[in-house]
Amino acid sequence: MSNKPLLTVNCLTVSFGQNKVVDDISFTINPGETFALVGESGSGKSITALSVLRLLPNAARMQATSIALQDQELTKIPEIDFCKLRGRRIGLIFQDPMSSLNPVMPIGDQIAEVLKLHLELGKEQIQQRVLELIKQVEIPEPERRISEYPHQLSGGQRQRVMIAIALAG
Ligand SMILES: Nc1ncnc2c1ncn2[C@@H]1O[C@H](COP(=O)(O)OP(=O)(O)OP(=O)(O)O)[C@@H](O)[C@H]1O
Ligand SMILES: [Mg+2]
């Protein structure tokens, strides 16, 4: 296995107005490595992750020397190319499922969206894969749950739907 880093973040700084919420952070994550970014509430962990995925709120100002996924410099690629790797090569389990899941769409359809976007699968295969993903994240009674809406699930089950979406690509 190559020992080149999977993800490299160099000198990342993020501000909201005068408020610097991420101050010159650098780290690398190697293939197969589990990396935990630990810090008190509000210390900038989510903002760091959102910076990597280029999903920061509009009000944020971001600067980084480099954010690289293997050999690909993410700060330099156009948004249209970024869309192809977001959800496919990098996934994110958002912290708050109630504001990330669509309240008016069954959870199965929300998982299927990722599959449709990134993989060339037929209708049957998509349905099959959605069921597999729901089983994989251990939501009980997947056949029934697939057509339920986020508000019909428990908090933990909603979090599991977020994990299924992140795994789907
Ligand atoms: N849209 C925004 N506008 C202004 N400030 C923001 C915005 N989003 C986040 N912040 C600020 O950025 C800082 C870092 O927030 P972040 O969400 O990264 O914290 P966190 O480390 O993930 O915390 P937690 O452990 O509570 O999830 C916080 O002080 C927060 O108030
Ligand atoms: Mg957070």
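What follows draws every value from the coordinates through simple rules; no lab data is involved. All figures in this text were calculated on a predicted structure; none of them were measured in a lab. Cβ: placed from backbone, ideal geometry, glycine included. Neighbour counts: every protein chain shown.
Scanning region 90-118 for residues being among the small types (Gly, Ala, Ser) and closer than 17 Å to Lys135 by Cβ gives a total of 2.
Only one of the numbered conditions (1) farther than 25 Å from Gly155 by Cα; (2) free of Cβ contacts under 8 Å to residues at least 24 places away in the same chain; (3) hydrophobic (A, V, I, L, M, F, W, C); (4) surrounded by 17 or more Cβ atoms within 10 Å (Cβ to Cβ) is violated by Leu7, and that is (2).
Any idea which of Leu69, Leu101 is more than 16 Å from ligand 2 (Cβ to nearest atom) and within 19 Å of Val22 (Cβ to Cβ)? Give the steps one after another, and end with the answer.
Numbers: Leu101 fails: within 19 Å of Val22 (Cβ to Cβ).
Being more than 16 Å from ligand 2 (Cβ to nearest atom) and within 19 Å of Val22 (Cβ to Cβ) holds for just one of Leu69, Leu101, which is Leu69.
Taking region 13-63 as the range and being within 18 Å of Arg89 (Cα to Cα), in contact with a strand residue (DSSP E or B) (Cβ under 7 Å, 6 or more places away or on another chain) and hydrophobic (A, V, I, L, M, F, W, C) as the test, the residues that pass are Ile29, Phe35, Val52, Leu53.
Pairs are defined by a Cβ separation below 6 Å, a sequence spacing of at least 6 or placement on different chains, a first member in region 28-47 that is within 16 Å of ligand 2 (Cβ to nearest atom), and a second member that is of a type in the set (Lys, Arg); the pairs so defined are Leu37/Lys45; Gly39/Lys45.
Of the helices (runs of 4 or more DSSP H) lying entirely inside region 15-107, those containing at least 2 residues that are within 12 Å of ligand 1 (Cβ to nearest atom) span 45-52.
Condition test on Ser100, is it closer than 27 Å to Ile29 by Cβ and either among the β-branched types (Val, Ile, Thr) or touching a Phe, Trp or Tyr at 6+ places or on another chain (Cβ under 7 Å) (or both)?
Values: closer than 27 Å to Ile29 by Cβ: yes; either among the β-branched types (Val, Ile, Thr) or touching a Phe, Trp or Tyr at 6+ places or on another chain (Cβ under 7 Å) (or both): yes.
For Ser100, the condition - closer than 27 Å to Ile29 by Cβ and either among the β-branched types (Val, Ile, Thr) or touching a Phe, Trp or Tyr at 6+ places or on another chain (Cβ under 7 Å) (or both) - is met.
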